[in-house]
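I have placed the structure first, in the form of structure tokens, so that the comments after it can refer back to it.
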Amino acid sequence: MNMLPFAFASHWTLSVLFQSLFQHRYAAHRMFTMTPRAERALHLSTALVQGSSYLDPRAYAILHREHHAYADTVRDPHSPAHHKHLPRMMLETGRRYGGLLTGNVQAEARFTGGYPQWPVVDRFFSSWTSRLGFGALYTLFYKRFATRRWHWALLPLHFVMGPVHGAIVNWCGHRYGYRNFATRDQSRNTLPLDVVCMGELFQNNHHAQPAKPNFAAKRFEIDPTWQVMRLLARLNLIQAMHAPPSHSEATGEQDQRPPTRREAHGIHMPACPS
């Protein structure tokens, strides 16, 4: 049995799960609450799982809130509507993320606050020392377990899983698929690819109701990260927030109403420990 492809698939799934759970639904939207100890445990677990592609929760949250506020306009930090190709979008996104991370780019005050911060962990796992260290560990793992030449083609993806996840979600989720809701942006649900993105590719559902922790809206849609949240809530590790359904969701109609200011920004930050 070839162990390496299974290891890659497992790491990919865990990495995108923690990105969806911690950086997206917790840091950017605060869709659930938890104790300070549980937050630290999730924060550190995310850093260890994501390794060389760890995404700072502050920079991620601000970038994502900007995306909701300016979705598919010229001010959207990552929209395929204003980039000719995927590498260009990734480059521009990386530049803005790097600026937010270093402080060279200042965000609007309305996009800041409410995200978890652990300076020691965030600085270390965002450093080149950490990224190169994890990269070396991944390379040693491949040297030990790679049994086919094509296995080595997976190694570069291992180094940058986080940005690749984001690129897939933002490119495919605003170009391909179907729409349940008539939003002002070009968001879509890319169901075939959502299998590998843990619910993140239900972009149209999420943009229509940014505060809703379950990204699925139809009977045939399943949001794996929401199922994990339900399990964590049953174990009393988190307390999931429940956004009230809109009239259109309850009746199955398309949502034609303009989003409120908070919904447009995609910011949902109930009071919670940090």
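For a Förster distance of 22 Å, can you work out the FRET efficiency between the beta-carbons of ARG230 and ARG184, rounded to the nearest 0.05? After rounding, the FRET efficiency stands at 0.10. Viscosity 1.306 mPa s, temperature 10 °C: Stokes-Einstein D of the stretch 152-209 from its Kirkwood Cα radius, in µm² per second? Using the Kirkwood radius from Cα pairs, D works out to 134 µm²/s.
When you work out D = kT/(6 pi eta Rh) for the stretch 1-157 at 25 °C and 0.890 mPa s, using the Kirkwood radius from C-alpha pairs as Rh and the Stokes-Einstein form, the result is 143 µm²/s. Amide H contacts under 5 Å for PHE32: MET241, restricted to partners 5 or more places along the chain or on a different chain, H placed in the peptide plane at 1.01 Å from N. Using R0 = 41 Å, the C-beta based FRET efficiency linking PHE145 and ALA38 works out to 0.75.
Taking Cα extents along the principal axes in Å as calculated from this structure, the corresponding entry among [x] 63, 43, 35; [y] 48, 38, 38; [z] 56, 41, 37 is [z].
Calculated [222 nm] ellipticity per residue, helices only, for the chain: -14500 deg cm²/dmol; basis is -39500 (n - 2.57) per DSSP H run with n ≥ 4, divided by all residues, nearest 500. Protein heavy-atom accessible surface, 1.4 Å probe, per residue over the chain: 50 Å². Only the Cβ atoms of Lys and Arg (+1) and of Asp and Glu (-1) were treated as charged; on that basis the dipole of the chain about its Cα centre amounts to roughly 440 debye.
Of ARG148, ARG58, ARG179, the residue with the greatest mean-square motion in the GNM of the chain, using alpha carbon springs below 10 Å, is ARG148.
Whole-Hz Karplus values for the stretch 15-24 come out as 4, 6, 5, 5, 5, 5, 6, 8, 5, 7 Hz, taken residue by residue from phi with 6.51 cos²θ - 1.76 cosθ + 1.60 and θ = phi - 60°; glycine and proline positions read x. If the segment from ALA9 to VAL74 were pulled out straight at 0.36 nm per residue, it would be longer than the present Cα-Cα gap by 19.9 nm. Along the stretch 58-68 the Karplus relation, 6.51 cos²θ - 1.76 cosθ + 1.60 evaluated at θ = phi - 60°, assigns HN-Hα couplings of 5, 4, 4, 4, 4, 4, 5, 5, 5, 4, 5 Hz to successive residues, with x for each Gly and Pro.
If you run the Gaussian network model on the chain, springs between alpha carbon atoms under 10 Å, then out of THR73, THR183, THR147 the most flexible one is THR147. For the pair HIS82 and GLU108 in one chain, pulling the backbone fully straight at 0.36 nm per residue adds 7.2 nm over the alpha carbon distance.
The values are calculated or read from the model by the stated rules, or taken from the named source; none is laboratory data. Note that the coordinates shown come from a computational prediction; the quantities given were computed from them, not determined experimentally. A quick note on method: Cβ atoms are made from the backbone with ideal geometry, for glycine too, and the neighbour counts reach across all protein chains shown. Accessible surface is based on the protein model in full, side chains and every heavy atom, while ligands, DNA and RNA are left aside. Shrake-Rupley method; radii C 1.70, N 1.55, O 1.52, S 1.80 Å.
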